[in-house]
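The values are calculated or read from the model by the stated rules, or taken from the named source; none is laboratory data. It should be emphasised that the depicted structure is a prediction, and the values quoted were computed from it without experimental measurement. In this analysis, Cβ positions are derived from the backbone assuming ideal geometry, glycine residues included, and neighbour counts consider all displayed protein chains. Calculation scope for accessible area: heavy atoms of the full protein, side chains included, ligands and nucleic acids excluded. Shrake-Rupley method; radii C 1.70, N 1.55, O 1.52, S 1.80 Å.
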Amino acid sequence: MTMNFFRGVMGGQPAGPQPTGAETIHKLCDRVASSTLLEDRRDAVRALKSLSKKYRLEVGTQAMDHLVHILQTDRSDSEILGYALDTLYNIICNDEEEEQDESEDMAAAPPVSGKHKNVPVSDENAQKQEEDLGVLFTDKFLGDSENVTLLLTLLEEFDFHVRWPGVKLLTALLKNQCNQVQGVILVSPMGVSRLMDLLADSREVIRNDGLLLLQQLTKGNAAIQKIVAFENAFERLLDIITEEGSSDGGIVVEDCLLLLVNLLRNNSSNQNFFKEGSYIQRMKPWFEVGDDNSGWSAQKVTNLHLMLQLVRVMVSPVNSPGATSSCQKSMYQCGLLQQLCTILMATGVPADILTETINTVSEVIRGSQINQDYFASVNAPSNPPRPAIVVLLMSMVNERQPFVLRCAVLYCFQCFLYKNQKGQGEIVATLLPSTIDANSISAGQLLCGGLFSADSLSNWCAAVALAHALQDNLTQKEQLLRVQLATSLGKPPVSLLQQCTNILSQGDKIDRRAKSEKGSKVQTRVGLLMLLCTWISNCPIAVTHFLHNQENVPFLTGQISENLGEDERLVQGLCALLLGICIYYNDNSLENYTKEKLKQLIEKRIGKENFVEKLGFVTKHELYSRAAQKPQPVFPSPEQMLFDHEFTKLVKELEGVITKAVHKTSEEEKKEEEVKKTLEQHDSIVIQYKDLIRDQDTQIQELREQVSTLSLNSEQMHNQITQQQSQIQQHKDQYNILKLKLGKDSQGLSSSQGEGAHVNGLHSEELSQLREEVEELRRQHTLQHTQLSDKDSLINTLRCGAAAAAQTTEGGAGGSDNTELLREVESLRSRVQAQCAEISQLQTERQELIRRAEAVSSAPASSSESSADTVKLSELESRLAAQTTETERLKEECRGLREGHAGLEQQLASAQSTVAIEQTEKTKLQQEVQESKKEQDDLLMLLADQDQKILNLKQRLRDLGETIDEDEDELDTRDQFGEDDDDDDEEDEENND
């Protein structure tokens, strides 16, 4: 029954009146809302889809809520979801698309009649109504933000019939209400991530429409741009571009590039991420062109144009200087700039690509010295080779070249000279008489030729280019004054400055050269005036040269005072600016044109208020504000090419100061000059004091470092003394142990003199080795004693030098530090003397040990001669024969003897280690003596004049008339004598031994 009714609605031609579109849509909506069978709802939604384009208003008004309900409830059926999404897309989208209905949809469409028919609409009002409908239905759909969330959820469905219409619907919503949809997606969990998954879809149609969706999504929203970038968008997009063939690819490459531009433009975070991710290097292969560049397709031109725009986005002058500089450096290092210059010099490249390449190279080299130097070295593939700059300037001054190309060359030249004093000097040098080469064309010759040609646009471009060669460069402004021009045969040459002013004052000749073009006369004069203003600003010598020509000031005052038309007002304003610069930067070297006389002339012939009013014409001009916005010269037509961006900065800087300078009286100027002189004197005094304080700070810092070094050296010496004391104590302990061992051994030998010849022989051998070791220790001790004496004498020398240095140091932290150092040196000296005494005591103990060892060694010899010893030996032999059963015990005793022997060997080894330690000590002492010498030298130098001069301090003090206290000299002498006596006593003891 239900299907029969539906066939009645959707079927053939029943008898009676046919229902209208609204009635049919109403019935379909009822079926969608009330049908319990999924098939009925699916058929009704499919019918709504087929009617949604013809009856957009009715379907959108009646069916939207039902369609949203279908999306919420019938999630299990992908087919009805696809129909619902397609229907919503048709009523929300404003784009005129081809009919994409399937054959089944066409069969299901009812033959209704009504006023809404699908007829082409060309009327603007009708088109606006269609757009209003799209916005209206978009607002209705977005009335509940959960609808967008629902749509994002549906995009997770992999089914093509759900995902693709969902992407298109979301794109249409973004086109109509971008900000509102962006806000919902931004706060939706994983909202952007779900959309990024579209780029990984294997079905190209979904991936491509996903690109269009992301383009709309990232427009003007920095937060979403960052999220998309950090979802690995750069990697995916660059991979797609490579897969599609880079510049030779189709419209997909264009969509990827548009999305990249959206992500990077005016987004410093994404730009930095793009650079740090080494994605700039991946752009280089895009610009590889072959020798044959003919027959480029329109799509390739579009792709390459967008690629160049992407490069410009990274180095745009509106970016932060640090980010731009970093990107410029990366582009040079990876070879991207070199590749762009190759395109620049290639043949057969389309004109619009060549123009955009020039603009791109301009911004890549702007303000980057290394890039500018490379660009200056690029030569065109001509015979003979010519610099790229010269070839570009030839195009700029050629009136047959396209206007946009000439503007691009001018921009490139400006960027080459921006903050590039080296390049400015090279350009100006080509104009100087000493560097002119008659056989080649130079940049200077081209600029002069353009400056005085019959083409007003060439005049203006050449004047602006030459002004950039002088921008903020006083040296080149003065150098350019030397340029001489040969006007005609038989006449003397005139300076470039004079020739510019001559042409400026000869208005009638300009009229004849203007070729009857409106505005060309003004364009030429504006260009020359901008050049002159830039030239003489902040250059008193150029001002003097300009005023030296008696005709210049009357010409300027005449131009300013006249009442001319609208076209001439700008020229009047620039003439007022030029005259104001002559006043402000006047050094009063010309008696007839001092500051005061020029101001009197203005007051008499023009009037101060009138002068200021004419000066204000410049900034009030409509083209002035346009030129001030960005550095690139972009003009809709050649006639509107009047102002340069850098010149607008100069006007902004000088307008106020010139106005003040004109209104100042002579008394105010005198006071101001006096104040300036006073300030200059004060500044010079302050600078002198700053230098003095800086030097004193440096000296104090050096002294502090030296004191810290001395303190460190003192601590090292203290540690060394402590180590020496501990080592001496170890030696004493080892000697005591050895003495006790030898005493016990001698007693054992005297009690059992005949306990085996083999034991006696063993001890005799050990004692002889011990005696040799003791002799070696004695020699080493003598050597160490000598080294200690040398060190003691060096310490005495250090003490004397330190005492002398202490007398020269008057108060302050330095004096206290030196006193502490003297005390530490005295303490070290006393410790060394104590060590010498301990060593002498050890020597005495050695002698005793040697005597006792000799006594022990003589005992076996005497006992062997006596008969009692023979009896004892026989008794011992019998005892040894009887104890054959105790072999193991004897072995143990032998092992014990071996261990004792090993102990003796250890003792000998310890004695040898002692010797080695003493040798090490000797080496250390030698090193310490050398280090002490160095340290003493350093101490003497540091305490004298802070830099290795302390050894000469006493001599310098004597030369300066300073005396050393006798008490300290006597104390030093006593110390030396005491040390000599100690040395003599030790030598006597050694001789007695």
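By accessible area, using a 1.4 Å probe on protein heavy atoms only, segment 122-266 has 49% of its surface on carbon and sulfur. Distances between placed amide hydrogens fall under 5 Å for Leu485 paired with Val494, Ser495, Leu496, all partners being 5 or more residues away or on another chain. Cα centroids of segment 593-636 and segment 408-424: 26 Å apart.
Counting only protein heavy atoms and a 1.4 Å probe, segment 414-664 has 44 square angstrom of accessible area per residue. Heavy-atom accessible area for Cys407, with the other protein chains in place and a 1.4 Å probe, reaches approximately 10 Å². A rounded overall shape is assigned to segment 414-664, the ratio a/c of its alpha-carbon gyration tensor axes (a ≥ b ≥ c) being less than 1.5. Highest mean packing comes first when the peptides 645-652, 723-730, 220-227 are listed by Cβ atoms within 10 Å, giving 645-652, 220-227, 723-730. Heavy-atom accessible area, probed at 1.4 angstrom with all protein chains present, ranks Lys140, Lys175, Lys604 as Lys604, Lys175, Lys140, highest first.
Mind checking which of Val662, Leu480, Leu497 is farthest towards the positive end of segment 414-664's charge dipole, using Cβ charges of +1 (Lys, Arg) and -1 (Asp, Glu) about the Cα centre? Final value for the positive-end residue is Val662.
Among the listed pairs Lys741/Lys922; Lys614/Lys664; Lys53/Lys175, which have their C-alpha atoms separated by more than 23 angstrom in this model? Lys741/Lys922, as the Cα separations exceed 23 Å there. Seen from Lys608, the other residues with C-beta closer than 13 Å to its C-beta sum to a net charge of +3, counting Lys and Arg as +1 and Asp and Glu as -1. Peptides 594-601, 381-388 ranked from most to least packed by the mean count of surrounding Cβ atoms within 10 Å: 594-601, 381-388. Taking other residues whose beta carbon is less than 10 angstrom from the beta carbon of Val311, and scoring Lys, Arg as +1 and Asp, Glu as -1, yields -1.
Surface composition of segment 414-664: carbon and sulfur atoms hold 50% of the protein heavy-atom accessible area at a 1.4 Å probe. Among the listed pairs Lys226/Lys329; Lys219/Lys652; Lys690/Lys934; Lys27/Lys168, those with a Cα-Cα distance over 32 Å are Lys219/Lys652; Lys690/Lys934. Taken about its Cα centre, segment 414-664 carries a charge dipole of about 180 debye when Lys and Arg each add +1 at the Cβ and Asp and Glu each add -1 at the Cβ. Cross-link pairs exceeding 21 Å between alpha carbons, from the set Lys597/Lys620; Lys422/Lys477; Lys604/Lys660: Lys597/Lys620. Computed with a 1.4 Å probe over protein heavy atoms only, the accessible area of Leu71 comes to about 0 Å². Database remark: amide H of Arg386 closer than 5 angstrom to the amide H of Ala380 (H placed geometrically; neighbours at sequence offset of 5 or more, or on other chains; Pro and chain starts carry no H).
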